[in-house]
Amino acid sequence: MAQIRIENVRKDFGSFTAVQSSSFTIEDGEFFMLLGPSGCGKTTTLRMMAGLELPTSGEIYIDGEEVGMKRASERDIAFVFQMFALYPHMNVGKNISYPLVSQGMPKAQVKKKVGEIAEILGITDILNRPVGGLSGGDRQRVALGRAIVRDPKAFFMDEPLGALDAEFREHMAEELRALHDRMNATTVYVTHDQLEAMQMGDKIVVMNHGVVEQFGIPQDIYDWPATKFVAEFIGSPPMNFLNFNGTVEPGAVTVAMSDVSFAVPQQIDGANGALTFGVRPEHIRLDDAAPFKGRVAATEYLGTTQIVSLDTANGTVKARVASSDPVSVGQTTGLHFDARTVTLFDADSGKALKSHANAKVLVNG
Ligand code: ATP
């Protein structure tokens, strides 16, 4: 299969920059997610890797070979689109075999290959059916079959599950991931859904306004967000941000916010001025003895946990605590933050002040 590396790739459409200088590497066999909000440049990045769009500058390498001048058809990549189009006049088997037949593969070999793919996808029993009456899931499987039948170097998928309803989407996501693991193929997958990216991806690139904000394994991106954008985009509810002014020396172990001293992780770069204290809802403990106080404004019951909204001197905070914790609206309580889970940001640049020693996080710029 394939390793794909992009180096300082940029794309301008006239005076508009859709993708700013971006660099990352997709390792052979990885399930790699391009994640970000609508319009951030995910599809453009994918299309440049596929050879469907020419970069304005920068290089793209597939298995170490610079492919800038290679056409899409020479890059040996299979695309699976959201709006997969099947040939309506052909049955399932013919749809899947089409890429092989048009390559001139001998009939017996085509039959064997289609049989193998149908087996992998669990559609052996519908090979002779017309595609017209198929369910959405079976149509998606046939489209996948047609993409994987010719053993391409990599699969590119642009929101392939976007049109499916939630329950079925989850089922297909599991199926896709299992298929990837069985085939060990390099897969690049575009999504705006952070949950999908976290569930399916080996690695994630998070993009915003054409900029790669961070790339790494899902857990590092969740635990050690490189920017406020990533901290907010990933996680539901998102990370809480408490704004304050202060000075942080490199390697500081505490910061002062609203006259309360908070322990922070030790791996910290210095900064002063407008700062943001970031903590995820599930890392907050409600403890009457804690000196930083908040007033409960609302509670949201979610079964085993509840989301508690608290008004504090530095803004509203959402805490995820056990449903069994006795909390009532109007009550004042203390908020305890565990130093190991806190992230400090420069409020103006939005960049994290902390570079955690264990995090395998690569940040652009
Ligand atoms: P979505 O999920 O909405 O497709 P995306 O992250 O995939 O979002 P892109 O499709 O890569 O975003 O588009 C990035 C930006 O580039 C958008 O503002 C889009 O309007 C613009 N863009 C994309 N293709 C072109 C084009 N051919 N000409 C001009 N602008 C374009």
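The values are calculated or read from the model by the stated rules, or taken from the named source; none is laboratory data. Keep in mind that what you see is a predicted model, and the values were worked out from it rather than measured. FYI the Cβ positions are ideal-geometry reconstructions off the backbone, even for glycines, and counts take in every protein chain you see.
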request  = Would you be able to say whether some residue in the stretch 185-201 is touching a residue at least 24 places away in the same chain (Cβ under 8 Å) and in contact with a Cys (Cβ under 6 Å, 6 or more places away or on another chain)?
outcome  = no
key: Boolean, A78 is hydrophobic (A, V, I, L, M, F, W, C), surrounded by fewer than 21 Cβ atoms within 10 Å (Cβ to Cβ), under 27 Å from D181 (Cβ atoms) and more than 12 Å from the ligand (Cβ to nearest atom)   = no
message = Take the conditions at pLDDT below 80 and either buried (at least 21 other Cβ atoms within 10 Å of the Cβ) or small (G, A, S) (or both) and apply them to G251. Does it pass?
response = yes
query = Considering only residues of the stretch 204-230 that are touching an Asp or Glu at 6+ places or on another chain (Cβ under 6 Å) and within 16 Å of the ligand (Cβ to nearest atom), which is farthest from I148 (Cα to Cα)?
reply = F229
inquiry  = Quick check on my filter: what residues within the stretch 45-62 are of a type in the set (S, T, Y) and either away from the ligand (no atom under 15 Å from the Cβ) or over 20 Å from V230 (Cβ atoms) (or both)?
reply    = T56, S57, Y61
task = Return the residue satisfying two criteria in turn: it lies in the stretch 1-32 and is of a type in the set (V, I, T) and away from the ligand (no atom under 16 Å from the Cβ), and of such residues it is farthest from the chain's Cα centre (by Cα).
result = I4
inquiry  = Checking M69 against (1) away from the ligand (no atom under 16 Å from the Cβ); (2) in contact (Cβ under 8 Å) with a residue 60 or more places away in the chain; (3) not small (G, A, S): exactly one of these is not met. Which one?
reply    = (2)
request  = Using the structure shown, decide if P250 is assigned to a loop (DSSP other than H, G, I, E, B) and in contact with a Pro (Cβ under 9 Å, 6 or more places away or on another chain).
outcome  = no
Filter result for G64 (free of Cβ contacts under 8 Å to residues at least 12 places away in the same chain and over 20 Å from the mean Cα position of the chain (by Cα)) = no
note = Okay, helices (runs of 4 or more DSSP H) sitting entirely in the stretch 89-177 with 1 or more residues that are farther than 28 Å from L34 by Cα and assigned by TED's automatic domain parsing to the domain that holds P37, I get 92-102, 107-121
Index of the failed condition, V230 passing every other in (1) in contact with a His (Cβ under 7 Å, 6 or more places away or on another chain); (2) under 23 Å from M48 (Cβ atoms) = (1)
ask   = Going through the stretch 284-300 one residue at a time, which ones are assigned to a loop (DSSP other than H, G, I, E, B) and either surrounded by 18 or more Cβ atoms within 10 Å (Cβ to Cβ) or in contact with an Asp or Glu (Cβ under 6 Å, 6 or more places away or on another chain) (or both)?
value = F292
message = When you scan the stretch 190-203, do you find a residue that is of a type in the set (D, E), surrounded by fewer than 24 Cβ atoms within 10 Å (Cβ to Cβ) and under 22 Å from I62 (Cβ atoms), even just one?
response = yes
inquiry  = When the residues of the stretch 174-203 are narrowed to those that are in contact with a helix residue (DSSP H, G or I) (Cβ under 9 Å, 6 or more places away or on another chain) and at pLDDT below 85, which ends up farthest from the ligand (Cβ to nearest atom)?
reply    = R182
task = Could you tell me whether any residue of the stretch 30-45 is over 20 Å from H209 (Cα atoms) and modelled with pLDDT under 95?
result = no
query = Restricting the search to the stretch 260-283, which residues are modelled with pLDDT of 80 or more, of a type in the set (D, E, K, R) and either over 19 Å from L335 (Cα atoms) or part of a loop (DSSP other than H, G, I, E, B) (or both)?
reply = R280
